[in-house]
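Everything below concerns the one structure shown next.
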Amino acid sequence: MIEQNRYKKLYEDITNHKGKPLSHWELTALLEIHGLRDIDAQNDWESENLFDLAKKLQHFIQNYEYEEKELSKEEIIPILPRVIKNYTRGLAFALPMLIQTLATIFIGYSLWSSTQIDMASATAIAIGSFTALIVTGGIAQIIGRQGLYYIKVSQYVLASKVIDKFYKLGIKKIILVAIILSIMHFVFEFIPFYMYFLAITFYLLLSILYLNFSIYYALEDYRNIVLFTFVGVILVYFLYRVFNFGLIPSQISGIIILNIIIYLFSKRKLRKMEKIDPEAEDVTLPKDVVLFHTLAPFFTYGFLYFLFLVMDRFIAWSVNVGDNPYMIWFNLRYELGLDWALIALVFMMGVTEISISELLIRINGATKHYKHNEIEIFNKRIIYFFNKFNIIFLTFGIFVILLSFGIIYTLAIQYDNDSLNNMLLHPTPILFFVASVAYLFLVKGLMNILLIFSFSRPQYAVQAIFYGVLVNMGIGLIFSRLLGYEFTVLGLLAGAIVFWYFSRKSIKRLLANLDYFYYSAYY
């Protein structure tokens, strides 16, 4: 006969941080979540099945003292400081992009972009940098996703192992793609060897840099990502201006040095993290087939997202304007318009962290105030907050777009700077506004995607970005060929709207049945 103390211990384990169960039906669900099966109920608990075991535990429901759910650190902080803190975190996520863009605009070059080199070199470097984003996007996404997951559940050794595993896989993928691209070059010779050499060099170096950064994203160490990016720009500046290296050799050297620094620091951080839990050295990761199956949607999303971001550039640069000598040829005015819009994008990106944090705080708070028969009221309350936040974001986004335009326009008028003057040449200002609106929809879609990921429904995110990529490509190709390269930006706008629409459609479904999706994701 099993002692009551053992039943009580089981009850404590399955209800820990779950609150008071409503009936033996919920107890059955909690037993399943805890990993028990009918065979376990028979062998270990002298019960016919889990339903029978739940009935034996049912009397504890009224005779057990439940701990009040503690407030999270986020909930304790007053709303204004909390919003500022989360906006800063969201901003830090995108600040490296802002540093690059501002450096290019004001001094004419950055870690890998420049307005001071010939068009052939600019084309090659752009091809290499954008290809690196596409190739590493999926791997970087799963490094950040799975590494952060293990850190959040205090499985530091597993976090280090999974980061190392996918980092090495990423390096292999980078090399494999480089080999394929090299074979294609030597067979078809689309571009001269000098351009190919620059493209493949920047592809390899930047791919490794993006992978190195992904480790810090997994560790949520955004401050060091910003610091490393700034150090990289300073390195290029000193090599170019002080030591009189050529600009491109300065950029290559700067990226190599930066890669070495980041890699050494990241390895040190991972080793320190492993020492937090030395007894877990022998823990093993799930089997590869399970791990890859679980993370496949996140890999696909990361690949498609970065493809979406750079696709319009490749389409615009492939338009035969003037005497373009090759299939793809860098277009400075188009690039400046999109880079200008990136300033607005960065400041809008800061809101993403606020959106997910505030929404989850309100959901967690609402679960403590509404009973099981008040589900409709619970759902409506969260939907009301979500819609109100959308209006606030829309207002903020318009303000950021106008402010970004006003600052660059004023500086260009007041100061005689070639890079700034180029910003005002047709059609760059128009491209800025259209791209900024596209990025407004993109960020709103990303806010939806963050919530979708929080509820463990990545398939909805993949669907939304897939349709966005298709529309971006289709509209961009049609309008650029019929009307001119500058109309490629309409593909970006249409794709961003479609991405937002499908992510919004999924969010409406989630929020309409929030009680179910919340429970299934977190319990």
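Only the coordinates and a few stated rules stand behind these numbers; no lab work does. What you see is a predicted model; the values in this text were computed from it and never measured. When we count neighbours, we look across all protein chains shown, and the Cβ atoms used for this are built from the backbone with ideal geometry, even at glycine.
Between the Cα long axis of helix 375-414 and the first principal axis of the chain there is an angle of about 20°, rounded to the nearest 10. How would you classify segment 94-238 from its alpha-carbon gyration tensor, with a ≥ b ≥ c the square roots of the eigenvalues: rounded for a/c under 1.5, else prolate if a/b is greater than b/c, otherwise oblate? Oblate shape, in that a/c is at least 1.5 and b/c is the bigger or equal ratio.
Once you divide the Cα radius of gyration of the chain by 2.2 N^0.38 Å, the number left is 1.11. In terms of the mean number of neighbouring beta-carbon atoms within 10 Å, the peptides 140-147, 42-49 order highest first as 140-147, 42-49.
Considering only Asn472, Phe453, Thr101, and ranking their Cα positions along the charge dipole of the chain that arises from unit charges at the beta-carbon of Lys, Arg, Asp and Glu, the one farthest toward the positive end is Thr101. Taking the C-alpha atoms only, the angle from helix 247-274 to the longest principal axis of the chain is near 10 degrees.
For the peptides 491-504, 293-306, the ranking by mean Cβ contacts within 10 Å, running from highest to lowest, is 491-504, 293-306.
Axis angle, to the nearest 10 degrees, between helix 193-218 and the longest C-alpha principal axis of the chain: 30 degrees. The charge dipole of segment 109-285, taken about its Cα centre with unit charges on the Cβ atoms of Lys, Arg (+1), Asp and Glu (-1) only, comes to about 260 debye.
Charge dipole of the chain (Cα centre as origin; +1 on each Lys and Arg Cβ, -1 on each Asp and Glu Cβ, all else neutral): 400 debye, rounded to the nearest 20.
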